[in-house]
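Here the structure is laid out as structure tokens; the discussion comes afterwards.
The values are calculated or read from the model by the stated rules, or taken from the named source; none is laboratory data. Keep in mind the model is a prediction, meaning the values are calculated, not measured. Here the Cβ positions follow ideal geometry from the backbone for every residue, glycine too, while neighbour counts run over all protein chains shown. Side chains are part of the model used for accessible areas, which takes the heavy atoms of the whole protein and leaves out ligands, DNA and RNA. Shrake-Rupley method; radii C 1.70, N 1.55, O 1.52, S 1.80 Å.
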Amino acid sequence: MVISRITSGLGNQLFQYACGRAVSLRHGVPLKLDLQNFREFQARRYGLDAFNIRAEEATPDEVRKVLQTDTLWHRLTTPRARRRVLREQGFAFDETVLRAGPDVYLSGYWQSVKYFADAEAQLRRELTWWMPPLAETLRFLQKMDETAAVAVHVRRGDYVSNPGYARRFGALPPAYYERALGYLAERISTLHAFVFSDEPAWVKIHFPKTVPLTIVEGNPAAEDLRLMAACRYHVIANSTFSWWGAWLAPFADKTVLAPERFFNDPTLPDRDLVPREWVRIAND
């Protein structure tokens, strides 16, 4: 079996699932999820249960058995691509994951579509919502159908309050959103921005009023993702959450705008994180 360690917010959980599921499909073996992190640290909630995923939870015994094989002797005597425990070494795409064996434990974020490009069709079928939309979601979906809807994500929270995260990621400035919406407004009439944010009060005061906008607030994360995916146009933040909102949108002609620099720290590579067909917008 393939076991994928699931942790952090919903965007990262989706990357971890997608990578693990792609490995399991290559070998025709089951995928199981290690969810222990959500019992030990409750700052984030498990969210993949909103989707039609194909994976069961790994038992503590199953996880323990495979982790016990990750010894120094095993690492020295076994080629890395066939080790039973693969730990992410950095943000850049690691092609050896594509050669992972059918009995492996994956621990990392795996933030690149390259890890699961060969499983895209299957993942798009599985990463659908099994429950019908909430009443509030239906109200927003109807409004989106009446205009050229652009999903805009403003990520602040710990990007502002946590000094380490601020140095590494950093909240995007209003100028980025003004440039991105200006880019779309030049090409699309009747544009209407639907803004998703963990700080809606900040958005109400500081967000540029260049196009009509509606602030979406109070929804569960999975419902926000459902709404983002219903939009043909996207202005994402430097966040895996809105990355997935854009990727899940099923439109062949969708337009996705992403920050030119995904990380505030220039030593962190983002060349494998943002798909080539997405448009990069300056965020200095």
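L138 - would you say it is more than 16 Å from W202 (Cβ to Cβ) and free of Cβ contacts under 8 Å to residues at least 60 places away in the same chain?
Numbers: more than 16 Å from W202 (Cβ to Cβ): yes; free of Cβ contacts under 8 Å to residues at least 60 places away in the same chain: yes.
Answer is yes for this residue.
Identify, by number, the condition in (1) surrounded by 22 or more Cβ atoms within 10 Å (Cβ to Cβ); (2) closer than 21 Å to Y109 by Cβ that A221 doesn't meet.
It fails just one condition, (1).
Here are some residues: L172, L225. Which one is out of contact with any Phe, Trp or Tyr (no Cβ under 7 Å at 6 or more places or on another chain) and either assigned to a loop (DSSP other than H, G, I, E, B) or within 26 Å of E126 (Cβ to Cβ) (or both)?
Sole residue among the options that is out of contact with any Phe, Trp or Tyr (no Cβ under 7 Å at 6 or more places or on another chain) and either assigned to a loop (DSSP other than H, G, I, E, B) or within 26 Å of E126 (Cβ to Cβ) (or both): L172.
Name the residues in region 175-199 that are within 24 Å of the chain's Cα centre (by Cα), more than 18 Å from W243 (Cα to Cα) and assigned to a strand (DSSP E or B), would you?
Answer for region 175-199, where residues must be within 24 Å of the chain's Cα centre (by Cα), more than 18 Å from W243 (Cα to Cα) and assigned to a strand (DSSP E or B): just H192.
Each row is one residue, and each column tells you yes or no for (1) in a helix (DSSP H, G or I); (2) modelled with pLDDT under 95.
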| residue | (1), (2) |
| --- | --- |
| F15 | yes, no |
| C19 | yes, no |
| L25 | yes, no |
| K32 | no, no |
| R39 | yes, yes |
| I53 | no, no |
| V66 | yes, yes |
| D70 | no, yes |
| T96 | yes, yes |
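Please verify whether L268 is surrounded by fewer than 18 Cβ atoms within 10 Å (Cβ to Cβ) and in a loop (DSSP other than H, G, I, E, B), treating the condition exactly as stated.
Spelling it out, L268 is indeed surrounded by fewer than 18 Cβ atoms within 10 Å (Cβ to Cβ) and in a loop (DSSP other than H, G, I, E, B).
When you go through Y109, Y105 one by one, which is the residue that is part of a strand (DSSP E or B) and either within 20 Å of R39 (Cβ to Cβ) or modelled with pLDDT of 95 or more (or both)?
Y105
Looking at region 153-210 only, could you name the residues that are among the small types (G, A, S), buried (at least 18 other Cβ atoms within 10 Å of the Cβ), without any contact (Cβ under 8 Å) to a residue 60 or more places away in the chain and more than 19 Å from L10 (Cα to Cα)?
Once the filter is applied, which keeps residues that are among the small types (G, A, S), buried (at least 18 other Cβ atoms within 10 Å of the Cβ), without any contact (Cβ under 8 Å) to a residue 60 or more places away in the chain and more than 19 Å from L10 (Cα to Cα), region 153-210 yields only A193.
Output the qualifying pairs, or none if there are none: Cβ atoms under 6 angstrom, residues six or more apart or on different chains, first residue in region 231-252 and within 18 Å of R156 (Cα to Cα), second residue polar (S, T, N, Q) and open to solvent by 10 Å² or more (accessible area, probe 1.4 Å).
T240/N12
For region 273-280, indicate whether the set of residues that are aliphatic (A, V, I, L, M) and buried (at least 18 other Cβ atoms within 10 Å of the Cβ) is non-empty.
Yes, region 273-280 contains at least one residue that is aliphatic (A, V, I, L, M) and buried (at least 18 other Cβ atoms within 10 Å of the Cβ).
Conditions: (1) assigned to a helix (DSSP H, G or I); (2) surrounded by 14 or more Cβ atoms within 10 Å (Cβ to Cβ); (3) out of contact with any helix residue (DSSP H, G or I) (no Cβ under 7 Å at 6 or more places or on another chain). T137 meets all but one. Number of the miss?
Every condition holds for T137 apart from (3).
Return the pairs, sorted by first residue and then second, in which the second residue is assigned to a helix (DSSP H, G or I) and open to solvent by less than 30 Å² (accessible area, probe 1.4 Å), the first residue lies in region 49-69 and is over 21 Å from R87 (Cβ atoms) and of a type in the set (S, T, N, Q), the beta carbons are less than 9 Å apart, and the residues are 6+ apart or on different chains.
Here the result reads N52/E126, each pair linking region 49-69 to a residue that is assigned to a helix (DSSP H, G or I) and open to solvent by less than 30 Å² (accessible area, probe 1.4 Å).
Got at least one residue in region 224-233 being of a type in the set (D, E) and modelled with pLDDT of 95 or more?
Going through region 224-233, the residues of a type in the set (D, E) turn out to be 224.
Filter once more, so that each one left must be modelled with pLDDT of 95 or more: 224.
Yes, region 224-233 has at least one match.
Which residues, counting only those in region 4-51, are surrounded by 21 or more Cβ atoms within 10 Å (Cβ to Cβ), aliphatic (A, V, I, L, M) and over 17 Å from L98 (Cα atoms)?
I6, L10, L14, L33
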